[in-house]
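Below is one structure, written out as C-alpha coordinates; the observations come after it.
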Amino acid sequence: MEIADQRVVYIHYTLTNDKGEVLDSSQGSEPLAYLHGAGNIIPGLEKALIGKTIGDKLTVKVSPAEGYGERSEQLIQQVPRRAFQGVKDIQPGMSFHAQGANGPMQVTVTRVVGDMVTVDGNHPLAGETLNFDVEVTEVRAATAEEMSHGHVHGAGGHHH
Ligand code: ZN
(Lines give C-alpha, C1' and ligand atoms only; values in the text may rest on other atoms or scores of the structure.)
Protein backbone atom coordinates (compact mmCIF):
# COMPACT_ATOMS: atom_id res chain seq x y z
CA MET A 1 0.00 0.00 0.00
CA GLU A 2 1.35 3.40 -0.96
CA ILE A 3 1.34 6.49 1.22
CA ALA A 4 -1.61 8.76 0.42
CA ASP A 5 -4.27 10.79 2.18
CA GLN A 6 -6.39 8.94 4.75
CA ARG A 7 -3.68 6.36 5.38
CA VAL A 8 -1.83 5.75 8.60
CA VAL A 9 1.94 5.72 8.19
CA TYR A 10 4.60 4.42 10.58
CA ILE A 11 8.14 5.70 10.14
CA HIS A 12 11.48 5.46 11.87
CA TYR A 13 13.38 8.68 11.50
CA THR A 14 16.50 10.50 12.55
CA LEU A 15 16.51 14.29 12.36
CA THR A 16 19.77 16.19 12.04
CA ASN A 17 20.52 19.85 11.47
CA ASP A 18 22.97 21.15 8.87
CA LYS A 19 25.85 20.75 11.32
CA GLY A 20 25.12 17.02 11.48
CA GLU A 21 23.90 17.19 15.08
CA VAL A 22 21.11 14.73 15.88
CA LEU A 23 18.07 16.69 17.09
CA ASP A 24 15.57 13.89 17.39
CA SER A 25 15.24 10.22 16.55
CA SER A 26 12.76 7.38 16.87
CA GLN A 27 15.53 4.77 16.97
CA GLY A 28 15.29 2.65 20.09
CA SER A 29 11.60 3.40 20.54
CA GLU A 30 8.38 2.82 18.65
CA PRO A 31 8.10 4.24 15.14
CA LEU A 32 6.26 7.53 14.76
CA ALA A 33 2.68 7.04 13.59
CA TYR A 34 0.89 9.80 11.71
CA LEU A 35 -2.25 10.26 9.64
CA HIS A 36 -1.24 11.32 6.15
CA GLY A 37 -2.88 14.49 4.83
CA ALA A 38 -3.97 15.68 8.28
CA GLY A 39 -1.07 18.03 8.99
CA ASN A 40 0.28 15.80 11.79
CA ILE A 41 3.88 16.27 10.58
CA ILE A 42 5.67 19.19 8.95
CA PRO A 43 4.63 19.87 5.33
CA GLY A 44 8.05 19.25 3.75
CA LEU A 45 8.31 15.76 5.22
CA GLU A 46 4.69 14.84 4.50
CA LYS A 47 5.08 15.86 0.85
CA ALA A 48 8.24 13.78 0.38
CA LEU A 49 6.51 10.65 1.67
CA ILE A 50 3.65 10.62 -0.86
CA GLY A 51 3.70 7.41 -2.90
CA LYS A 52 6.31 5.67 -0.74
CA THR A 53 5.66 2.24 0.70
CA ILE A 54 6.84 -0.23 3.36
CA GLY A 55 10.62 -0.66 3.40
CA ASP A 56 11.33 2.54 1.47
CA LYS A 57 14.21 4.60 2.85
CA LEU A 58 14.65 8.23 2.00
CA THR A 59 16.63 11.29 2.93
CA VAL A 60 14.64 14.51 2.98
CA LYS A 61 15.98 18.03 3.28
CA VAL A 62 13.32 20.42 4.57
CA SER A 63 13.70 24.21 4.38
CA PRO A 64 12.45 26.34 7.30
CA ALA A 65 9.48 27.46 5.17
CA GLU A 66 8.31 23.84 4.88
CA GLY A 67 9.42 22.98 8.39
CA TYR A 68 8.88 25.00 11.55
CA GLY A 69 8.99 28.39 9.81
CA GLU A 70 11.50 31.20 9.79
CA ARG A 71 12.53 32.77 13.06
CA SER A 72 10.49 35.90 13.72
CA GLU A 73 11.82 38.78 15.79
CA GLN A 74 8.21 39.74 16.47
CA LEU A 75 7.82 36.63 18.59
CA ILE A 76 10.55 37.84 20.94
CA GLN A 77 9.06 40.06 23.62
CA GLN A 78 9.91 41.69 26.90
CA VAL A 79 7.36 41.29 29.63
CA PRO A 80 7.41 42.43 33.25
CA ARG A 81 8.20 39.83 35.86
CA ARG A 82 4.78 40.36 37.47
CA ALA A 83 3.19 38.74 34.39
CA PHE A 84 4.47 35.40 35.71
CA GLN A 85 2.14 35.07 38.65
CA GLY A 86 2.93 32.22 40.96
CA VAL A 87 6.39 31.61 39.52
CA LYS A 88 9.00 32.49 42.13
CA ASP A 89 12.32 32.13 40.38
CA ILE A 90 12.21 32.82 36.64
CA GLN A 91 15.27 31.47 34.85
CA PRO A 92 16.36 31.37 31.20
CA GLY A 93 15.35 28.05 29.65
CA MET A 94 12.00 27.83 31.42
CA SER A 95 9.02 27.52 29.09
CA PHE A 96 5.44 28.64 29.56
CA HIS A 97 2.16 28.50 27.72
CA ALA A 98 0.99 31.94 26.70
CA GLN A 99 -1.92 33.43 24.79
CA GLY A 100 -0.61 34.69 21.44
CA ALA A 101 -2.26 36.63 18.63
CA ASN A 102 -3.00 33.32 16.84
CA GLY A 103 -4.02 31.27 19.85
CA PRO A 104 -2.07 29.39 22.51
CA MET A 105 1.69 29.23 22.05
CA GLN A 106 4.71 28.08 23.96
CA VAL A 107 7.33 30.63 24.91
CA THR A 108 10.80 30.12 26.32
CA VAL A 109 12.51 32.53 28.70
CA THR A 110 15.79 33.64 27.14
CA ARG A 111 16.89 36.46 29.45
CA VAL A 112 16.04 37.93 32.83
CA VAL A 113 17.32 41.41 33.68
CA GLY A 114 15.96 43.13 36.77
CA ASP A 115 12.20 43.25 36.47
CA MET A 116 12.13 42.47 32.75
CA VAL A 117 11.88 39.00 31.28
CA THR A 118 12.63 38.29 27.61
CA VAL A 119 10.54 35.48 26.13
CA ASP A 120 10.89 33.85 22.70
CA GLY A 121 7.80 32.34 21.06
CA ASN A 122 9.65 30.86 18.09
CA HIS A 123 9.59 27.10 17.75
CA PRO A 124 13.00 25.78 18.88
CA LEU A 125 13.56 24.49 15.34
CA ALA A 126 12.36 27.65 13.56
CA GLY A 127 14.91 28.85 11.00
CA GLU A 128 16.65 25.45 10.85
CA THR A 129 17.09 23.40 7.71
CA LEU A 130 16.09 19.90 8.75
CA ASN A 131 17.54 16.66 7.40
CA PHE A 132 15.44 13.55 7.90
CA ASP A 133 16.59 9.99 7.37
CA VAL A 134 13.35 8.07 7.14
CA GLU A 135 12.34 4.42 6.81
CA VAL A 136 8.71 3.52 6.20
CA THR A 137 7.80 0.57 8.42
CA GLU A 138 4.04 0.27 7.87
CA VAL A 139 1.21 1.78 5.86
CA ARG A 140 -2.45 0.98 6.50
CA ALA A 141 -5.88 2.47 5.87
CA ALA A 142 -7.07 4.86 8.58
CA THR A 143 -10.20 3.93 10.49
CA ALA A 144 -13.28 6.17 10.30
CA GLU A 145 -12.63 7.21 13.90
CA GLU A 146 -9.02 8.16 13.16
CA MET A 147 -10.14 10.24 10.19
CA SER A 148 -12.75 12.09 12.24
CA HIS A 149 -10.20 12.78 15.00
CA GLY A 150 -7.43 13.72 12.58
CA HIS A 151 -4.81 11.54 14.28
CA VAL A 152 -3.70 7.93 14.74
CA HIS A 153 -4.97 5.69 17.53
CA GLY A 154 -3.08 2.85 19.17
CA ALA A 155 0.65 2.09 19.12
CA GLY A 156 2.69 5.19 18.34
CA GLY A 157 -0.46 7.35 18.29
CA HIS A 158 -3.09 8.65 20.68
CA HIS A 159 -4.49 6.60 23.56
CA HIS A 160 -7.76 8.03 24.77
ZN1 ZN B 1 -8.53 10.32 18.70
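The values are calculated or read from the model by the stated rules, or taken from the named source; none is laboratory data. Remember, it's a predicted structure, so these values are computed and weren't measured experimentally. Please note: Cβ atoms are built from the backbone with ideal geometry, for glycine as well, and neighbour counts cover all protein chains shown. Each accessible area value is taken on the protein alone, full model and side chains, heavy atoms only, with ligands, DNA and RNA left out. Shrake-Rupley method; radii C 1.70, N 1.55, O 1.52, S 1.80 Å.
In this entry, the stretch 73-120 is assigned a mean projected area of 3.2 nm², taken as a quarter of its C-alpha convex hull surface.
Residues within the reach of a label modelled at residue 54 (point 7 angstrom out along Cα to beta-carbon, backbone nitrogen below 12 Å), restricted to the stretch 1-39, are 1-2, 10. Only Cα pairs under 8 Å and 6+ residues apart enter the sum, and on that basis the relative contact order of the stretch 1-68 stands at 35 percent. Computed on the Cα trace of the stretch 1-77, the radius of gyration divided by the Kirkwood hydrodynamic radius gives Rg/Rh = 1.01. For the chain, the relative contact order is 35 percent, taking Cα pairs closer than 8 Å that sit 6 or more residues apart in sequence and dividing their mean separation by the residue count. Over the stretch 73-120, Cα pairs under 8 Å with separation of 6+ residues give a relative contact order of 43 percent.
For a modelled paramagnetic label at residue 143, 7 Å from Cα along Cα-to-Cβ, the residues of the stretch 1-31 in reach, with backbone nitrogen under 17 Å, are 6-10.
Which translational diffusion coefficient, to the nearest whole µm²/s, is obtained for the stretch 43-126 from the Stokes-Einstein equation, given a Kirkwood hydrodynamic radius over C-alpha pairs, 25 °C and 0.890 mPa s?
Approximately 161 µm²/s, per Stokes-Einstein.
Carbon-plus-sulfur fraction of the accessible area of the chain, 1.4 Å probe, in percent? With neighbouring chains kept in place, the figure for the chain is 49 percent.
The stretch between residue 1 and residue 27, if pulled fully straight at 0.36 nm per residue, gains 7.0 nm over its current Cα-Cα span. Shape annotation for the chain: C-alpha extents along the principal axes are 58, 37, 29 Å, from largest to smallest.
Normalised per residue, the accessible area of the stretch 73-120 is 75 Å², obtained with a 1.4 Å probe and no contribution from ligands, DNA or RNA. Between residue 110 and residue 74, the distance separating the two model label sites (each 7 Å from Cα on the Cα→Cβ line) works out to 1.6 nm.
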